[in-house]
Amino acid sequence: MSPESPRIAAYEAAMASARENLAKFDPDQAFMHLERAHVLGQRDFGRHWSVHVAMLKVAWEATNGRELRGQFLRLALTPIGHLTQRLPEGNTGRSNVSAFATMAVPADLQRLLDTKDD
């Protein structure tokens, strides 16, 4: 997998935007970017894990207890999902949706997911 693939570049851009929004204490915008990063990075364990760690950090900064609990659960489920290859496509990774729900993928992200990484 090439780190310069369009999918990975979009993932990195979403993560950077999330960090910028967290620095401005705009958790809603940070989460929006992290949701996109989750969809793009979910197939790669390290990226998937990193998104949930970032979501945990945003939840902490926003003192959002529900999201904190949800992210701890998702961090526990991430390795299991990768080991069993049961990752719900399109899932945004937030605690406001089931960790097991498959969701519609926005068209712009689907194009990136359909593009071969190497």
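A short reminder: the numbers here are calculations on the coordinates, not readings from a lab. These numbers come from a predicted model, not from an experiment. For neighbour counting, all protein chains shown are included, and Cβ atoms are generated from backbone atoms with ideal geometry for every residue, glycine included.
Key figures
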| item | result |
| --- | --- |
| Cβ crowding within 10 Å averaged over residues, with 101-113, 68-80 ranked highest first | 68-80, 101-113 |
| Peptides 88-100, 51-63 ordered by average Cβ neighbours within 10 Å, highest first | 51-63, 88-100 |
| Hz values of 3J(HN,Hα) by residue in segment 93-98 - Karplus curve (6.51, -1.76, 1.60), Gly and Pro given as x | x, 8, 7, 7, 10, 4 |
| For segment 26-42, 3J(HN,Hα) per residue [Karplus equation, 6.51 cos²θ - 1.76 cosθ + 1.60, θ = phi - 60°, Hz, x = Gly/Pro] | 10, x, 4, 5, 4, 5, 4, 5, 5, 4, 5, 4, 4, 4, 6, x, 4 |
| Of LEU83, SER50, GLY93, farthest towards positive along the dipole that unit charges on Lys, Arg, Asp, Glu beta carbons give segment 9-118 | LEU83 |
| Whole-number D in µm²/s for the chain (Stokes-Einstein; Kirkwood sum over Cα pairs; 37 °C, 0.692 mPa s) | 232 µm²/s |
| Rounded to the nearest 20 debye, dipole of segment 46-99 from Cβ charges on Lys, Arg, Asp, Glu | 60 debye |
| Expected 222 nm ellipticity per residue - DSSP helices of 4 or more, -39500 (n - 2.57), all of the chain, to 500 | -22000 deg cm²/dmol |
| Sum of side-chain charges, GLY41 neighbourhood, beta-carbon under 12 Å (Lys, Arg +1; Asp, Glu -1) | 0 |
| Assigned charges on the beta-carbon of Lys, Arg, Asp, Glu; the chain dipole about Cα centre (debye) | 360 debye |
